[in-house]
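Quick note: the coordinates plus some simple rules give every number you see, no bench work behind them. It should be emphasised that the depicted structure is a prediction, and the values quoted were computed from it without experimental measurement. Note that we place each Cβ from the backbone using ideal geometry, even for glycine, and neighbour counts take in every protein chain shown.
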Amino acid sequence: MSVPRIFDKALRARRRDRAAASFAAHAFLYEAAAEEMLDRLADVSRTFTHALVIGAPTAALPDALRGRGLAVTVADPGAIFATSQDGVVLDDDMPLPFAAESFDLILNCGTLESVNDVPGFLLQLRALLRPDGLLLAAFMGAGSLPALRAALLAADGDRPAQRIHPQIDVRSAGDLLSRAGFALPVADVQLLRVGYASLFGLIGDLRGMGAAQCLASAPPPLTRAGLMRAADRFMLDADPDGRVRERFEIVHISGWRPDPSQPKPARRGSAKTSLAEALKATKS
């Protein structure tokens, strides 16, 4: 079955390369996701030895893992980001350039939202993990950028174009993990709100973090009049201080390569207390 080509991977790589020089000024989303991933990893009692980090515009994740005694391999879709971390340039729509069962930990930060074949990519990641290896991933998910979405709809009027990437919601993310054969899948959301004095500040941040749209079917450019309509619509959502609080939802997922040592779900029908009895107990 052919995979729909939603994203232009060459354009995505160029976006990341252009963002490299000034990424530090726009890194808040990556930094928040990376910090949360490391906090979650700290709660895991298992010992890891060799990690793959996919998505490394800064040294935050690789260096933190090395500080915990792990060997680290880095990969990124952008050549400049990859080279800056002595890593591998990665096309996540192609076979990944690593041997099966090479890693016991994979961290993917900020690239999964622009993968054409997400189920296939997750299958590849599972194959790279050793049994009882862990995948942690974070990406901008559904519910993000509602103010920008409304502004762009106003810009296009009665002939709207697709200008924002399709987004994966948290429930679908958990389902994708299960479909890819991960054990003990978990998916939840980290919410950030960031204030902007204008639409152009938000657009500048998205470009600066390499997250500008890279759709294979590129929308027509906005006219000057359309851009002004978008800017005016954006400011209708401003708070009394004159700033619009844009919403970013970072979806976090985790799953394990299956292994006999892992806990198993209880056998259906093995519960000692019925649901009705449990509900009665909560009401008493």
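Under conditions of 37 °C and 0.692 mPa s, the range 160-220 yields 225 µm² s⁻¹ as its translational diffusion coefficient, taking Rh as the Kirkwood radius over Cα pairs in the Stokes-Einstein equation. Give me the angle, in degrees from 0 to 90, between the Cα long axis of helix 170-179 and the longest principal axis of the Cα atoms of the chain, rounded to the nearest 10. Approximately 50 degrees, to the nearest ten.
Computed on the Cα trace of the range 1-148, the radius of gyration divided by the Kirkwood hydrodynamic radius gives Rg/Rh = 0.94. Per-residue ellipticity at 222 nm from helix content only, as computed over the chain with -39500 (n - 2.57) for each DSSP H run of at least four residues, stands at -11000 deg cm²/dmol. How many angstrom lie between the Cα centre of the range 120-160 and the Cα centre of the range 58-89? Between the Cα centre of the range 120-160 and that of the range 58-89, the gap is 21 Å. The largest-to-smallest principal axis extents of the Cα set in the range 150-191 are 46, 22, 10 Å. Axis of helix 146-156 versus longest Cα principal axis of the chain: the two differ by about 40°, to the nearest ten degrees.
Computed over every Cα-Cα pair of the chain and binned at 5 Å starting from 0, the pair-distance distribution P(r) comes out as 1, 5, 11, 15, 17, 16, 12, 8, 6, 5, 3, 1, 0, 0 percent. Mean separation of Cα pairs under 8 Å and 6 or more residues apart, divided by the residue count, gives the chain a relative contact order of 23 percent.
Spin-label model, Ser102/Ala150: points 7 Å from Cα along the beta carbon direction are separated by 4.6 nm. Taking the longest Cα principal axis of the chain as reference, the axis of helix 224-235 is set at about 60 degrees. For His50 and Arg245, what is the calculated FRET efficiency with R₀ set at 35 Å and r taken between the beta-carbons, to the nearest 0.05? E(calc), rounded to 0.05, equals 0.30. Could you compute the longest span of the chain free of trypsin sites (Lys or Arg not before Pro) located in DSSP loops and having at most 15 other Cβ atoms within 10 Å, not counting the site residues? Counting at most 15 other Cβ atoms within 10 Å as exposed, the longest clean stretch of the chain is 69-266. Amide hydrogen proximity for Val74: with H placed 1.01 Å from N in the peptide plane, the residues at 5 or more positions away or on another chain lying under 5 Å are Val53, Val88. What the phi angles of the range 89-100 give under the Karplus curve with 6.51, -1.76 and 1.60, with θ = phi - 60°, is a coupling list of 6, 10, 10, 6, 8, 10, x, 6, x, 9, 6, 4 Hz, glycine and proline written as x. If you plug the beta carbon distance of Ala24 and Ala231 into 1/(1 + (r/R0)^6) with R0 = 22 Å, you get a FRET efficiency near 0.25. Applying a DSSP loop filter and a limit of 14 other Cβ atoms within 10 Å to the GluC sites (Glu not before Pro) in the range 25-118 leaves Glu101. Equivalent ellipsoid of the range 43-115: semi-axes from √(5λ) of the C-alpha gyration tensor, largest first, are 20, 14, 11 Å.
For the range 212-251, the Cα-based Rg and Dmax, in that order, read 13.7, 39 Å.
Cα centroids of the range 28-46 and the range 167-211: how far apart, whole angstrom? Using only Cα atoms, the two centres lie 15 Å from each other.
A Cα-only calculation for the range 115-177 places Rg and Dmax at 16.2, 52 Å. If the segment from Phe200 to Gln262 were pulled out straight at 0.36 nm per residue, it would be longer than the present Cα-Cα gap by 17.4 nm.
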